[in-house]
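Read through the structure below, which is laid out as structure tokens, and then see the notes.
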Amino acid sequence: MDIKAKIRQYVAENFLYSSDGFHLSDDASFLEEEVIDSTGVMELVMFVEEEFKITVDDEDIVPENFDSVNQLAAYIAQKK
């Protein structure tokens, strides 16, 4: 499964509580669409660290890195 697919699946199951997939655009803002809140961001950080075996630095926890599937996938690719 590729990076974006893993992110979509995680967000769908853990934030949208959807068993039938992720139905937003990959550019949709998690915050603007009210998919996640500040606590959700921290859950997403833990998922990224565990799933992709990378360390997320505190200064990297910004909307530019964690606010959509595309932004998060680009961040993960950069860190690997």
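The values are calculated or read from the model by the stated rules, or taken from the named source; none is laboratory data. Quick caveat, the model's predicted, so the values are computed rather than measured. Here the Cβ is made from the backbone with ideal geometry for all residues, glycine too, and neighbour counts use every protein chain on show.
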Quickly run through segment 25-80 and pick out the residues that are among the hydroxyl-bearing types (Ser, Thr, Tyr), modelled with pLDDT of 95 or more and over 12 Å from the mean Cα position of the chain (by Cα).
-> SER25, THR55
Check whether at least one residue in segment 53-63 is in a loop (DSSP other than H, G, I, E, B), surrounded by fewer than 17 Cβ atoms within 10 Å (Cβ to Cβ), among the basic types (Lys, Arg) and out of contact with any helix residue (DSSP H, G or I) (no Cβ under 8 Å at 6 or more places or on another chain), and report yes or no.
-> yes
How many residues, within segment 15-51, are of a type in the set (S, T, N, Q) and either surrounded by fewer than 13 Cβ atoms within 10 Å (Cβ to Cβ) or in contact with a strand residue (DSSP E or B) (Cβ under 8 Å, 6 or more places away or on another chain) (or both)?
-> 4
Please state which one of GLU50, GLU13, GLU33 is part of a loop (DSSP other than H, G, I, E, B) and either among the aliphatic types (A, V, I, L, M) or without any contact (Cβ under 8 Å) to a residue 40 or more places away in the chain (or both).
-> GLU33
For ALA28, state whether it is small (Gly, Ala, Ser) and assigned to a helix (DSSP H, G or I).
-> no
